[in-house]
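Enquirer: Sharing a structure below in structure tokens format, with a few things to ask.
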Amino acid sequence: MPAPELLEVPVAQLLIRNLDAAVKEGLRMRAAQHGVSMEAEARQILAEAIRPPRPPRIDVVRAHLDPSVDVELELPARDDMPREIRL
């Protein structure tokens, strides 16, 4: 079995024709801000565009809780004494 770094991963190519010059310039500027090539920046943008949205954290928690179970949280004792704030 070949070493993992020698395994070939199938990749695809994409040619985009008739790209507006302003879009290309924006991509160039964005890539420069991130310190990557325009090609790398375009790959990142496309990958993010097709990634399914992540649900908000509270929805993830609610999905795992049984709504028929009543949960009561015990709050810790509060120290009402003012304390020094350091900046």
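The values are calculated or read from the model by the stated rules, or taken from the named source; none is laboratory data. Computed from a prediction, not measured in an experiment: that's the story for all the values here. Cβ placement follows ideal geometry from the backbone for every residue including glycine, while neighbour counts extend to all protein chains displayed.
Enquirer: Can you work out which of the residues in the range 40-53 that are part of a helix (DSSP H, G or I) and exposed (fewer than 10 other Cβ atoms within 10 Å of the Cβ) is nearest to the chain's Cα centre (by Cα)?
Expert: Only one residue fits best here, namely E48.
Enquirer: Under 8 Å between Cβ atoms, at least 6 apart or on separate chains: pull out the pairs that start in the range 27-56 with a residue that is within 22 Å of A12 (Cα to Cα) and end on any residue that is in a loop (DSSP other than H, G, I, E, B) and at pLDDT 95 or above.
Expert: A31/S37; Q44/V36
Residues are listed down the side, and each one gets a yes or a no for (1) part of a loop (DSSP other than H, G, I, E, B); (2) modelled with pLDDT of 95 or more:
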residue: E8; (1), (2): yes, no
residue: I16; (1), (2): yes, no
residue: R28; (1), (2): no, yes
residue: Q33; (1), (2): no, yes
residue: V36; (1), (2): yes, yes
residue: P55; (1), (2): yes, no
residue: V61; (1), (2): no, no
residue: D66; (1), (2): yes, no
residue: E72; (1), (2): yes, no
